[in-house]
Amino acid sequence: MKLDRRHKGISSLAALLMLLVFAVALLAVLLGGANVYDRLTVRDSESYDSRTCVQYLTTKVRQSENAACLSLSQFGDGDCLTITEHINGTAFTTQVYCHDGWLMELFTVKDAGLTPESGSKILKAQALTLTQEGSLLHMNIVDGNGTPSSVSLHLRGGEEGQP
């Protein structure tokens, strides 16, 4: 009889130890998964910010009527992409530029004399550099995380903005 109680006590202790080992293993897997998830979330967020800046600029260029509507200039302290369009006989410009850590957009009547602070904040960005070589437009942007991205677009005369 004494042997049976001792055997039951050892069996109960073994079961508790196995349960404890299982709980520790489960906790380790959950914590490891949470760390992996956090790293992936940060990486995806940074990648999203970078891709979105480039896509925004690319879309703005492709929405223009043609290459003649696009021009590069200085606005504030940096480069500016200016898109000119005529609406009901009035010339309007859309200016895309970086100012105070933001990619900004300003839509206004041409030559309105507004300052860079007047634009709307679009995305966090540190710098925008624009150059044009013939029909090739180079756009380099440093997003809010400090990640540089670039895109080069061939400007097709008279084909932009067409469905």
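Data table
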read-out: Residue match in the stretch 59-79 (condition: of a type in the set (Ser, Thr, Tyr) and part of a strand (DSSP E or B)); value: yes
read-out: Matching option when the condition is within 24 Å of Asn145 (Cα to Cα), in contact with a strand residue (DSSP E or B) (Cβ under 8 Å, 6 or more places away or on another chain) and surrounded by 10 or more Cβ atoms within 10 Å (Cβ to Cβ), among Leu40, Leu72, Leu81; value: Leu81
read-out: Condition check for Leu72: touching an Asp or Glu at 6+ places or on another chain (Cβ under 8 Å) and not basic (Lys, Arg); value: yes
read-out: Within the stretch 84-119, tally of residues that are of a type outside the set (Phe, Trp, Tyr), assigned to a strand (DSSP E or B) and touching a strand residue (DSSP E or B) at 6+ places or on another chain (Cβ under 7 Å); value: 15
read-out: Residue check, Leu27 touching a strand residue (DSSP E or B) at 6+ places or on another chain (Cβ under 6 Å) and open to solvent by 50 Å² or more (accessible area, probe 1.4 Å); value: no
read-out: Subset tally (residues that are surrounded by 14 or more Cβ atoms within 10 Å (Cβ to Cβ) and modelled with pLDDT of 80 or more) for the stretch 43-54; value: 3
read-out: Unique residue being open to solvent by 90 Å² or more (accessible area, probe 1.4 Å) and farther than 19 Å from Val142 by Cβ when the list is Phe22, Phe92; value: Phe22
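The values are calculated or read from the model by the stated rules, or taken from the named source; none is laboratory data. Quantities reported herein were computed from a predicted structural model and do not represent experimental measurements. Note: ideal-geometry Cβ built from the backbone for every residue, glycine included; neighbour counts use all protein chains shown. When the accessible area is computed, the model is the full protein with side chains, heavy atoms only, and any ligands, DNA or RNA have been set aside. Shrake-Rupley method; radii C 1.70, N 1.55, O 1.52, S 1.80 Å.
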